[in-house]
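Asker: This is the structure I have questions about; it appears just below.
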Amino acid sequence: VGHNGGHNTSWSGYYEATTEQVQRAEEIFTSWLDLLDRARVEGGPLKFSIDTESCNLNIFKERGFLMLQVYDGEKAYAFNAGVLFHPQVNPLVKLFLIHGEARFYLWNTKYDRQVIWHNFGFSLEDRDLDGMVLAMGITEKGKQCGLKYRSRQDLNAPFYEEALDQWLDQADINYSHIPPSVLAEYGCKDVYYTYHEIPILLKRVHKEGTMKVVKDILMPAQRT
């Protein structure tokens, strides 16, 4: 999981790739692509939840992108930047993200779409659904639209973000100071709860009668 970690020091493991990590990532993305290719013929789109982790909110920072997390409905995976940009893995990642049969659940898709555009060079187009926007369809209070709040209310999620606190300087929050293994577990919980929260919110938005606002105004705004 890398080294050179600690307070005020970036973990180099985010930018490295072992042979084992590369082979494992190849296997995982190839299996997803096989499922998506079959879905094109047999069953239609497949749903995944995805999320990204970066040093901070500045997506243009050099070596700022740290990790991509994916949950496929059964298991969550975290891939560090070193693996994602490895020449054996990078083409598979791009094919996965642009596949016409893939549908993606995200939370605050506006940010992650920028990260994906900056690092991989393409858009998710209209194949994403934003849990934060759905939460806006049932409440006007911004504090009730976050993933942590919603997952605690609806899925009995713990305060799993507290695992990051000991590694962060609140005056200069930088996620590269968090050990990769710690950030990976946190990120995987994010995509797990996103995947299971969005279907709950979809039902509530339909009941609330605000789906037209969500679909025709808020989602296009996020994608823009």
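The values are calculated or read from the model by the stated rules, or taken from the named source; none is laboratory data. Since we're looking at a predicted model, the values are computed, not measured. Backbone-built Cβ (ideal geometry, glycine too); neighbour counts: all protein chains shown. Accessible surface areas use protein heavy atoms only, side chains included; no ligands, DNA or RNA. Shrake-Rupley method; radii C 1.70, N 1.55, O 1.52, S 1.80 Å.
Asker: ASP51's amide H: which non-local residues (gap 5+, or another chain) put their own amide H closer than 5 Å, with H modeled 1.01 Å from N in plane and none for Pro or chain starts?
Answerer: Counting only residues 5 or more places away or on other chains, the set is GLN69.
Asker: Over its Cα atoms, what ratio of radius of gyration to 2.2 N^0.38 Å does region 98-188 give? Provide the component values of the computation, followed by the final result.
Answerer: Working: Rg = 15.3 Å, N = 91, 2.2 N^0.38 = 12.2 Å.
In units of the 2.2 N^0.38 Å rule of thumb, it is 1.25.
Asker: Given a cut-off of under 8 Å on Cα pairs at least six residues apart, what relative contact order in percent is computed for the chain? Walk me through the numbers before you get to the answer.
Answerer: Working: 358 pairs, mean separation 60.6, N = 224.
The value is 27 percent.
Asker: Now for a different question. Within the chain, what's the longest run with no trypsin sites (Lys or Arg not before Pro) in a DSSP loop and at most 16 other beta-carbon atoms within 10 Å? Give the range, please. Each step should come with its number before you reach the end.
Answerer: Details: sites that count: LYS61, ARG63, LYS75, ARG127, LYS141.
That gives 142-224 as the longest site-free run.
Asker: Using the alpha carbon gyration tensor of region 8-126, what are the three equivalent-ellipsoid semi-axes (square root of 5 times each eigenvalue), largest first, in whole Å?
Answerer: Values: eigenvalues 114, 60, 27 Å².
One finds semi-axes of 24, 17, 12 Å for region 8-126.
Asker: What share of the DSSP beta bridges in the chain is antiparallel, in percent to the nearest 5? Don't skip to the end; give the middle numbers.
Answerer: On the way: 12 of 19 bridges.
Roughly 65 percent of the DSSP beta bridges within the chain come out antiparallel.
Asker: Under 16 Å Cα-Cα from LYS148, which lysines qualify once same-chain neighbours fewer than 8 residues away are excluded?
Answerer: Output for LYS148: LYS189.
Asker: Something else about it: For the pair GLU74/ALA39, report the inter-label distance in nm, with labels modelled 7 Å from Cα in the Cβ direction.
Answerer: 1.3
Asker: Can you give me the relative contact order of region 66-123 as a percent, contacts being Cα pairs under 8 Å and 6 or more apart? Mind dumping the intermediate values first?
Answerer: Working: 31 pairs, mean separation 10.6, N = 58.
Reported relative contact order: 18 percent.
Asker: Quick one: Debye curve from the C-alpha atoms of the chain, no solvent, what's log10 I(q)/I(0) at q = 0.13, 0.15 Å⁻¹?
Answerer: -0.78, -1.04
Asker: Can you give the percent of C-alpha pairs in region 65-145 whose distance is more than 22 Å?
Answerer: Details: 965 of 3240 pairs.
Roughly 30 percent, once rounded to a whole number.
Asker: Quick one: which residues, 5+ away or cross-chain, put their amide H under 5 Å from the amide H of SER123? H built at 1.01 Å from N.
Answerer: Under 5 Å from the amide H of SER123: no residue qualifies.
Asker: Which whole-number percent gives the relative contact order of region 40-163, counting Cα pairs below 8 Å spaced six or more residues apart? Can you show the working numbers first?
Answerer: Numbers: 148 pairs, mean separation 25.0, N = 124.
Averaging sequence separation for qualifying contacts and normalising by length gives 20 percent for region 40-163.
Asker: Kindly provide the pair-distance distribution of region 38-80 built from C-alpha pairs, with 5 Å bins from 0 and whole-percent values in order of increasing distance.
Answerer: In whole percents, the pair-distance histogram is 6, 19, 18, 16, 15, 11, 7, 6, 1.
Asker: For region 12-85, run through the GluC sites (Glu not before Pro) and keep only the ones in DSSP coil with at most 16 other Cβ atoms within 10 Å of their Cβ.
Answerer: Values: sites: GLU16, GLU20, GLU26, GLU27, GLU42, GLU53, GLU62, GLU74; in loops: GLU16, GLU42, GLU62, GLU74.
Counting only loop positions with at most 16 other Cβ atoms within 10 Å, the GluC sites (Glu not before Pro) in region 12-85 are GLU42, GLU62, GLU74.
Asker: Sticking with the crude label model, points 7 Å out along Cα→Cβ, report the distance from GLU62 to LYS143 in nm, one decimal please.
Answerer: With each label placed 7 Å out from Cα toward Cβ, I get 4.1 nm.
Asker: Also, quick follow-up: Where only protein heavy atoms count, and the probe is 1.4 Å, what is the accessible area per residue for the chain in Å²?
Answerer: Accessible surface, normalised per residue, equals 51 Å².
Asker: Report, in whole Å, the centroid distance computed from the Cα atoms of region 51-90 and region 190-224.
Answerer: With region 51-90 and region 190-224 each reduced to a Cα centre, they are spaced 24 Å.
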